[in-house]
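Each remark here refers to the structure printed beneath this line.
The values are calculated or read from the model by the stated rules, or taken from the named source; none is laboratory data. What you see is a predicted model, and the numbers here were worked out from it, not measured in a lab. FYI the Cβ positions are ideal-geometry reconstructions off the backbone, even for glycines, and counts take in every protein chain you see.
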Amino acid sequence: MTTMQAAPTGPIFDKGLANTIAAETQMSFIDGGKGVLEYVGIDIDALARNSTYEETVYLLWNCRLPKQHELDALKSALQAEYEIPDAIYDMIKSFPRDAVPMHALRTLVSALALHDADAESSETTPSGIESAKRQALRLVAKTPTLIANFDRHRAGKPFVRPDKSFDIATNFLWMLNGEKPTEAMARGLDICLILHADHGLNASTFAARVTIATLSDMYSAMTTAVGTLKGPLHGGANEEVMIMLDEIGSMENVEPFVKGKLERKELIMGFGHRVYKAYDPRATYLKTFAKQIATDTGNLRLFEMSQKIEGIVLAAKADKGIFPNVDFYSATTYHCLGIKTDLFTCMFAMSRMSGWAGHCIEQLQDNRLIRPQAKYNGPHAAPYVAMAQR
Ligand SMILES: CC(C)(COP(=O)(O)OP(=O)(O)OC[C@H]1O[C@@H](n2cnc3c(N)ncnc32)[C@H](O)[C@@H]1OP(=O)(O)O)[C@@H](O)C(=O)NCCC(=O)NCCS
């Protein structure tokens, strides 16, 4: 009698892990082919139009929308954690004024652990999860204070302490500029924070999960994530978009610049995505919003240049699934909010901190060390050659 042999199983080589599902999440769902992004089942467009960043954080961390008293409690808990220790302000003062902002942020996020008694290591027990949640709340609340006050330091301006009566977006712009923003400006930032909060198992989120899965602490995981986000193929792209817009400089220059890049097979920053092969759903609303804020702040030319770039790239590349991603129109939006170009990736980190932390809590709730294998391509049975004979 013959028996059916099971197909041999074992590790497969998947460069870039594009075809590997390495974790489970209840936070965000992406259909890259159709251009869909949902947080806990709610379309990103509906959240951008109707929600706030704080409500979105509640949604991601609790997998449901909050009732009013629950939202109020989260807001108060965050506000109570806005302030950073004096030692961290002193540390910021010691940074070179020309430090790369993401280097500064990565260092400061790491340093916060020195002042948090919860930040030893992680446990998967209920009390360990509660500790991770406390760390997550502090990280989300304090990150805007770190970024804004680093920016003030490098501009030679005095620190501005957080104002606990403000929401996160208003508080950030208050600290950054030393004056209360208009409602429209604060809302603009709030929308960007919602849109960037979570995005499946992107590179920085994966990095955070790898770190927490070793039962390291939240601060280590967030430090890993900030470092990973920094790269131009990930969070750094929004800065590159603004640099490109500055380089192009005028409407007349758009066509020769973009066509030249396409002919030379160079990347156009803010286009393409590993997962989306349709229009990035975060870019859809952001485009409308960018037009509005560009008009309001006298920067319409920037928006029109972006639109022209989009038209040329889509004509050449839409059939290959190359569309604008979230970074493309966030560049114009951040610029119109008065945020310096080299701070854009920090803005992304400020928002994604909630997604990273949420993923780390999910990881702890069902933990297994993340440890893929490498395909060895080197020699075998090689002799050890003594130094004198090499
Ligand atoms: C995001 C990104 C890394 C995705 O990379 P990926 O999934 O590995 O996609 P690939 O590199 O396989 O690209 C497929 C094809 O589209 C082209 N392409 C991808 N992004 C492009 C872009 N921004 N501009 C021009 N062509 C692009 C590639 O050159 C490749 O062409 P080929 O088939 O002729 O070689 C890539 O699109 C990119 O570098 N974009 C610019 C940076 C950016 O905006 N990043 C932010 C992401 S949110």
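Yes or no: Thr205 within 19 Å of Lys317 (Cβ to Cβ), within 16 Å of the ligand (Cβ to nearest atom) and β-branched (Val, Ile, Thr)?
Values: within 19 Å of Lys317 (Cβ to Cβ): no; within 16 Å of the ligand (Cβ to nearest atom): yes; β-branched (Val, Ile, Thr): yes.
In short, no.
Against the definition (among the hydrophobic types (A, V, I, L, M, F, W, C) and either part of a helix (DSSP H, G or I) or on the phi > 0 side of the Ramachandran plot (or both)), how does Met353 come out, yes or no?
It is true that Met353 is among the hydrophobic types (A, V, I, L, M, F, W, C) and either part of a helix (DSSP H, G or I) or on the phi > 0 side of the Ramachandran plot (or both).
Have a look at Ala203, Ala237, Ala197, Ala208 and point out the one that is closer than 19 Å to Ala22 by Cβ and buried (at least 23 other Cβ atoms within 10 Å of the Cβ). Walk me through it before giving the result.
Numbers: Ala203 fails: buried (at least 23 other Cβ atoms within 10 Å of the Cβ); Ala237 fails: closer than 19 Å to Ala22 by Cβ; Ala197 fails: closer than 19 Å to Ala22 by Cβ.
When all the criteria are applied, what remains is Ala208.
Matching residues to (1) surrounded by fewer than 20 Cβ atoms within 10 Å (Cβ to Cβ); (2) of a type in the set (Phe, Trp, Tyr):
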residue	(1), (2)
Arg134	yes, no
Arg138	no, no
Leu146	no, no
Val160	yes, no
Asp167	yes, no
Trp174	no, yes
Lys180	yes, no
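Restricting the search to region 311-327, which residues are within 12 Å of the ligand (Cβ to nearest atom), of a type outside the set (Lys, Arg) and closer than 26 Å to Leu300 by Cβ? Before the answer, list the steps.
At the first step, the residues of region 311-327 found to be within 12 Å of the ligand (Cβ to nearest atom) are 312-314, 316-327.
After this cut, where a residue has to be of a type outside the set (Lys, Arg) as well, the list is 312-314, 316, 318-319, 321-327.
Selection gives Ile312, Val313, Leu314, Ala316, Ala318, Ile322, Phe323, Pro324, Asn325, Val326, Asp327.
Touching a residue at least 40 places away in the same chain (Cβ under 8 Å), within 12 Å of the ligand (Cβ to nearest atom), over 23 Å from Ile339 (Cα atoms) and in the same structural domain as Leu314 (by TED's automatic domain parsing) - does that describe any residue in region 234-251?
no
For the condition among the β-branched types (Val, Ile, Thr), away from the ligand (no atom under 11 Å from the Cβ), assigned to a helix (DSSP H, G or I) and more than 25 Å from Met353 (Cβ to Cβ), what is the one hit in Val254, Val226?
Just one listed residue meets the conditions, Val254.
Restricting the search to region 32-44, which residues are modelled with pLDDT under 95 and either closer than 21 Å to Ile361 by Cβ or surrounded by 13 or more Cβ atoms within 10 Å (Cβ to Cβ) (or both)?
Gly32, Gly35
Looking at Ser330, is it part of a helix (DSSP H, G or I), under 22 Å from Leu59 (Cβ atoms) and within 16 Å of the ligand (Cβ to nearest atom)?
Against the criterion (part of a helix (DSSP H, G or I), under 22 Å from Leu59 (Cβ atoms) and within 16 Å of the ligand (Cβ to nearest atom)), Ser330 qualifies.
Where the second residue is within 7 Å of the ligand (Cβ to nearest atom) and the first is without any contact (Cβ under 8 Å) to a residue 40 or more places away in the chain and lies in region 259-287, which pairs have Cβ atoms under 8 Å and are six or more apart or on separate chains?
Lys261/Leu267; Lys261/Ile268
If I filter region 12-26 for residues that are within 16 Å of the ligand (Cβ to nearest atom), of a type in the set (Gly, Ala, Ser), loosely packed, with under 12 Cβ neighbours inside 10 Å and assigned to a helix (DSSP H, G or I), do I get at least one hit?
Scanning region 12-26, I find at least one residue that is within 16 Å of the ligand (Cβ to nearest atom), of a type in the set (Gly, Ala, Ser), loosely packed, with under 12 Cβ neighbours inside 10 Å and assigned to a helix (DSSP H, G or I), so the answer is yes.
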